[in-house]
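Data block below; observations after.
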Amino acid sequence: MIHITDHPWLQNVNKAPNVNLGETVRARLQQFSVMNKFKKKALRVIAEHLSVEEIADIKEMFENMDINKKGQINFDELKYDLRKLGHQVADSDVKALLEAVSYC
């Protein structure tokens, strides 16, 4: 069994050439960064227009879903709560939901 630090990419890190990834990759990374900032601002605008009651409902819903009370909803908690609500969601879709909100 080969240890990860024995991999040639890590062994030759100082010898590796500085390769330009290209304009396309740079543009996509820049676009991703801009969209992430846009999403955050959009969510802030939406949140600023919620009533006190709506915010309290969302907070209560989150606290009920956060079974281990760590302030974050993990895969198992989300999957459990979706099924409790009658939604049979595939694991891949639960993972996609978590990934989607992780970038917000």
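The values are calculated or read from the model by the stated rules, or taken from the named source; none is laboratory data. Everything numeric in this text was worked out from a predicted model, so none of it was measured. Cβ placement follows ideal geometry from the backbone for every residue including glycine, while neighbour counts extend to all protein chains displayed.
Specify the residue that is surrounded by the fewest Cβ atoms within 10 Å (Cβ to Cβ); the eligible residues are those in the stretch 78-99 that are touching a Leu at 6+ places or on another chain (Cβ under 9 Å) and assigned to a loop (DSSP other than H, G, I, E, B). Of everything passing the filter in the stretch 78-99, 88 is surrounded by the fewest Cβ atoms within 10 Å (Cβ to Cβ). A search for C-beta distances below 6 Å between a residue of the stretch 52-80 that is over 15 Å from residue 96 (Cα atoms) and touching a residue at least 40 places away in the same chain (Cβ under 8 Å) and any residue that is of a type outside the set (A, V, I, L, M, F, W, C) and surrounded by 12 or more Cβ atoms within 10 Å (Cβ to Cβ), counting only pairs 6+ apart in sequence or on different chains, returns nothing. The set of residues in the stretch 10-41 that are closer than 27 Å to residue 102 by Cβ and either modelled with pLDDT under 65 or among the β-branched types (Val, Ile, Thr) (or both) comprises 24, 25, 34.
Only residues that are loosely packed, with under 15 Cβ neighbours inside 10 Å and β-branched (Val, Ile, Thr) were counted in the stretch 65-77, giving 1.
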